[in-house]
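J.: Shown below is the structure under consideration.
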Amino acid sequence: MIKANTHVYGVIGDPIEHSLSPALQNWLFKQFDLNAVYTAFQVHPQNLKEAVQAMSALNLKGLNVTLPHKAAVVEYCDKRSGDVDCLGVANTLSRESSGVSASVTDPQGFIESLGQMRTQFKDAEVCVLGAGGAARSILFALATLETGPVWVYNRTREKAEHLIRESKQAFGLSRARTLSESELNAAIESCRMVINTTSVGMYPQTDASPVRDDAPFSDQHFVYDLIYNPVTTRLLQIAEQKGAHTRNGLDMLIFQGLESLRIWTHADLRLSISQLNECRTLLKEQLYE
Ligand code: ATR
């Protein structure tokens, strides 16, 4: 029950009405028996600084930050984690005695979503589709996982080259190269994991895929699509038809949210498999509501 001493959290973004974070975090609060409530705040870019300042004024315990504020919010925070310095974005703000502290939980969310499998990717070749903000977080996670060579394919190749240069400088990504479209299938063949970070295939363009239908997937591949709407994208359909193991973006969403909650509560919170399944079901219901 919400009472006067209930802690208030939220997500800021613009637009925000389709965010799954309120459903996710309120469910997590319930699982961990926290006296807390989480809501969504639509914040226009010109009001971003005031929104961060409002954390102190209104005694908000924590905020998540989503598009379009993830980069701009950093300068309004008093402290930044090392990961925020590396990536230049934040998705989690927590109010501490010393001021507002910024963290980014996307790379940890990706790593944790791999579960027990994560050790299998040490030294493995990986192909990343896309070169935007999501790709940057994934490259950071891959550097942490110490994977083998990383191939980055992007519609605009110069952006992929730029991202790789920056990632080498910011967090020591090594052995990364860009690909031309004609080289993509050969790279996929030699990779253990393929990760889509583009928006290609996202609702409502659900017929689109970032790879061709003849992509050489097999049962040796793990294909991860960061998209969760739809939960089975055209890319995942193509991969599954060829026997590949697949994952959609729901688990990364869940684990980045859990990591935010750990930061806010300073508690080592864990989900059981049955809780994870329950959470996936809840979020799918929200998506198709
Ligand atoms: P995010 O923060 O989600 O990564 P972003 O920074 O806007 O979003 O990046 C979107 C990515 O999806 C980019 O790699 C973009 O390719 P370009 O750099 O060529 O723009 C990719 N993308 C978006 N729409 C695409 C499309 N129709 N075909 C191919 N790639 C697309």
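The values are calculated or read from the model by the stated rules, or taken from the named source; none is laboratory data. These numbers were taken from a predicted model, which means no experiment stands behind them. Note that each Cβ is placed from the backbone with ideal geometry, even for glycine, and that neighbours are counted across all protein chains shown. Ligands, DNA and RNA are stripped out before the accessible areas are found, and what is left, the full protein with its side chains, is counted by its heavy atoms. Shrake-Rupley method; radii C 1.70, N 1.55, O 1.52, S 1.80 Å.
J.: From the Cα gyration tensor of the range 1-53, with a ≥ b ≥ c the square roots of its eigenvalues, which class applies: rounded if a/c is under 1.5, or else prolate if a/b is larger than b/c, or else oblate?
T.: Since a/c reaches 1.5 but b/c is at least a/b, the shape of the range 1-53 is classed as oblate.
J.: Counting pairs of alpha carbon atoms under 8 Å apart in space and at least six apart in sequence, what relative contact order in percent does the range 4-161 give?
T.: 17 percent.
J.: Quote the charge dipole size of the range 136-281 about the Cα centre in Debye, to the nearest 20; the model charges only the Cβ of Lys and Arg (+1) and of Asp and Glu (-1). Let's see the in-between values first.
T.: Values: 16 positive and 17 negative charges, 71 e Å.
It comes to approximately 340 debye.
J.: Further question: Quick one: accessible area per residue over the chain, 1.4 Å probe, rounded to a whole number of Å²?
T.: 48 Å²
J.: Suppose every Lys and Arg Cβ carries +1 and every Asp and Glu Cβ carries -1, with no other charges. What dipole size does the range 43-134 come out with about its Cα centre, to the nearest 20 debye?
T.: 220 debye
J.: In a shell of Cβ-Cβ distance under 14 Å around I111, excluding I111 itself, what net charge do Lys and Arg (+1) and Asp and Glu (-1) give?
T.: -2
J.: Which distance in Å, rounded to a whole number, links the C-alpha centroids of the range 170-230 and the range 83-105?
T.: Centre-to-centre (Cα) distance: 29 Å.
J.: Using Cα pairs under 8 angstrom and six or more residues apart, how large is the relative contact order of the range 125-172, in percent?
T.: About 49 percent, as a whole number.
J.: If you count only protein heavy atoms and use a 1.4 Å probe, how large is the accessible surface of H245, to the nearest 10 Å²?
T.: 100 Å²
J.: Tell me the net charge near L258. Cut-off is 11 Å between Cβ atoms, L258 excluded, with +1 for each Lys or Arg and -1 for each Asp or Glu.
T.: The answer is -2.
J.: Can you give me the relative contact order of the chain as a percent, contacts being Cα pairs under 8 Å and 6 or more apart?
T.: Normalised by residue count, the contact order of the chain is 15 percent.
J.: Follow-up. If you take every residue apart from D123 with its C-beta less than 15 Å away from the C-beta of D123, what net charge results, scoring Lys and Arg +1 and Asp and Glu -1?
T.: +2
J.: Amide H to amide H, which residues 5 or more places from H7 or on other chains are under 5 Å from it, using H placed in the peptide plane?
T.: Amide H neighbours of H7: A36, V37.
J.: To continue, here is another question. Using a 1.4 Å probe on the protein chains only, how many percent of the accessible area of the chain belongs to carbon and sulfur?
T.: 48 percent
J.: Which residue, H44, A124, P149, has the largest displacement toward the positive end of the dipole of the chain when charges sit on each Cβ (Lys, Arg +1; Asp, Glu -1)?
T.: Of the options given, the answer is H44.
J.: Follow-up question, since we're still on this one. Quick check for you: which residues of the range 63-81 have the amide N under 13 Å from the point 7 Å beyond the Cα of S56 toward its beta carbon?
T.: 76-79
J.: Same structure again: Restricting everything to alpha-carbon atoms, can you work out Rg to Rh for the range 119-178 with a Kirkwood hydrodynamic radius?
T.: Details: Rg = 10.3 Å, Rh = 11.1 Å.
That ratio equals 0.93.
J.: Amide H neighbours of N154 under 5 Å, counting only residues 5+ apart in sequence or on other chains, H built in-plane at 1.01 Å?
T.: HN-HN under 5 Å from N154: G130, L179.
J.: Arranged from highest to lowest average of other beta-carbon atoms within 10 Å per residue, in what order do the peptides 252-261, 99-108, 231-240, 33-42 appear?
T.: 252-261, 99-108, 231-240, 33-42
J.: Sticking with this one: Which lysines have a Cα less than 25 Å from the Cα of K49, not counting those fewer than 8 places away in the same chain?
T.: Here the lysines satisfying the reach criterion relative to K49 are K61, K70, K79.
J.: What are the equivalent ellipsoid semi-axes of the range 104-231, built from the alpha-carbon gyration tensor (square roots of five times its eigenvalues), in whole angstrom, biggest first?
T.: That gives 20, 17, 16 Å for the three semi-axes.
J.: Pull out the extension gain between L67 and T206, defined as 0.36 nm times the separation in residues minus the alpha carbon to alpha carbon distance; nm, one decimal.
T.: Length gained, L67 through T206: 47.9 nm.
J.: Further, regarding this structure: Can you give the Kirkwood hydrodynamic radius for the chain, in Å, rounded to one decimal and based on Cα pairs?
T.: By the Kirkwood definition, the hydrodynamic radius is 19.7 Å.
J.: Suppose we keep just the DSSP beta bridges with both residues in the chain; what percent of those would be antiparallel, to 5?
T.: In the chain, approximately 20 percent of DSSP beta bridges are antiparallel ones.
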